[in-house]
Every structure is written in C-alpha cells, then in structure tokens.
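Readers should treat all values here as calculations from the given coordinates under stated rules, not as data from a laboratory. Being a predicted model, the structure only gives us computed values, none of them experimental. Glycine gets a Cβ as well: all are built from the backbone with ideal geometry, and neighbour counts include every protein chain shown.
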Amino acid sequence: MIRTIALAIVTLHLTCAGTTVFAQGESETIVTDRPDFTEASSTVGRGVVQFETGYTYFYDDADDLDPFLNHSHFYDQLWRIGVNDYVEMRIAWIYGWDETKGVDFFDGADDLYLGSKIFIAEQDGFMPEMAVILQGLVPTGASGATTGHVESGVNYLYSWSFPGDWSIGA
C-alpha cells in the first residue's frame with residue numbers, strides 16, 4: 001500500500017517535470033539545494049517558492065562486516081520559501097527504505113526537517129559568498145527512522161564564482 005502511494009507520487013512528479021517552470025524568474029539561473037554534498041550559499045529570493053525533489057540510492061556489498069546492503073531515498077523533497085532576499089525558510093521530508101542482507105526490511109518516513117537559510121555576504125574578490133543554515137529535525141518519522149527527539153544544527157556555507165560559469169562551494 002505504502003509503495004503504491006509512493007509510486008503514484010513519483011509518477012506525478014515525473015509527469016510535472018516536463019513542464020517549464022521559472023522559479024526565480026526567466027532571466028535568472030535556478031540554483032538548487034536538494035540535499036546532496038553541498039548546499040548553495042544563495043537564497044531563492046523574496047516571494048519565491050522553489051520545490052526540489054529527487055531519488056537517492058546506496059548499495060554496498062564490499063564486505064561481510066557491514067550488514068547494510070540497500071538504502072533508497074525514494075522521495076526526497078525540499079521546499080525553499082523566500083521570506084526576503086536574505087532569508088529563506090526550508091522544509092524537507094524524505095521517504096525511504098532499507099534492506100539488509102535481503103532479510104530485514106524497513107520502509108517509512110524520516111524525521112521532518114525545518115530550517116532557515118540566512119544570506120551573510122556576496123563574493124568580494126577572494127572573500128567568498130557566505131550564508132548560514134539554522135536547522136532542526138522534528139521527531140515525526142517512522143519508528144525505525146526517527147531519532148525520537150528534536151535535533152538542531154548549523155551549516156556554514158561559502159562559495160566562489162569564476163568566469164565561464166564555474167563555481168566552487170562548501
């Protein structure tokens with residue numbers, strides 16, 4: 001049942017993916033933040049609502065010491081809502097499943113992620129563009145995925161832009 005609902009949601013998003021949407025205006029490049037290796041040091045801008053989604057799959061069969069084999073985030077989603085040009089609110093939710101040695105199986109939602117990104121400074125020469133994310137997890141996930149308590153954290157983001165649409169960030 002849950003997989004059927006998740007498949008229907010993904011099908012809806014794949015159908016909508018073919019539609020052209022201008023999240024930050026026709027003349028601007030969309031800078032995505034979908035939870036991955038690094039997050040952008042820019043915000044979406046005042047009045048902008050940007051929805052990002054994706055699928056993540058991990059597979060590990062390197063040795064018998066680690067019983068973890070398959071892990072899928074079937075429905076990663078991040079909502080970025082621009083309060084003004086310097087602050088955005090962030091809401092993320094992930095549905096996933098884990099399979100261990102083909103025997104143990106778990107599927108369900110992770111804890112709800114809430115946060116805000118605050119833009120600090122634009123790039124100035126060697127000084128990078130900077131922002132900070134204040135974030136937390138609310139224990140709303142499935143019993144096998146929740147931490148069971150509120151967690152909080154801070155991410156410091158910075159990046160440099162170079163000629164020819166090259167950039168680097170951390």
- Query: What nm distance separates the two modelled labels at residue 127 and residue 155, each placed 7 Å from Cα along Cα→Cβ?
  - Reply: 2.4
- Task: List the residues whose amide H sits under 5 Å from the amide H of residue 120, counting only those 5 or more places along or on another chain, with H placed 1.01 Å from N in the peptide plane.
- Result: 130, 131, 132
- Message: Can you give me the long-range amide H partners of residue 85? Hydrogens built in the peptide plane at 1.01 Å from N, cutoff under 5 Å, separation of 5 or more residues or another chain.
- Response: 46
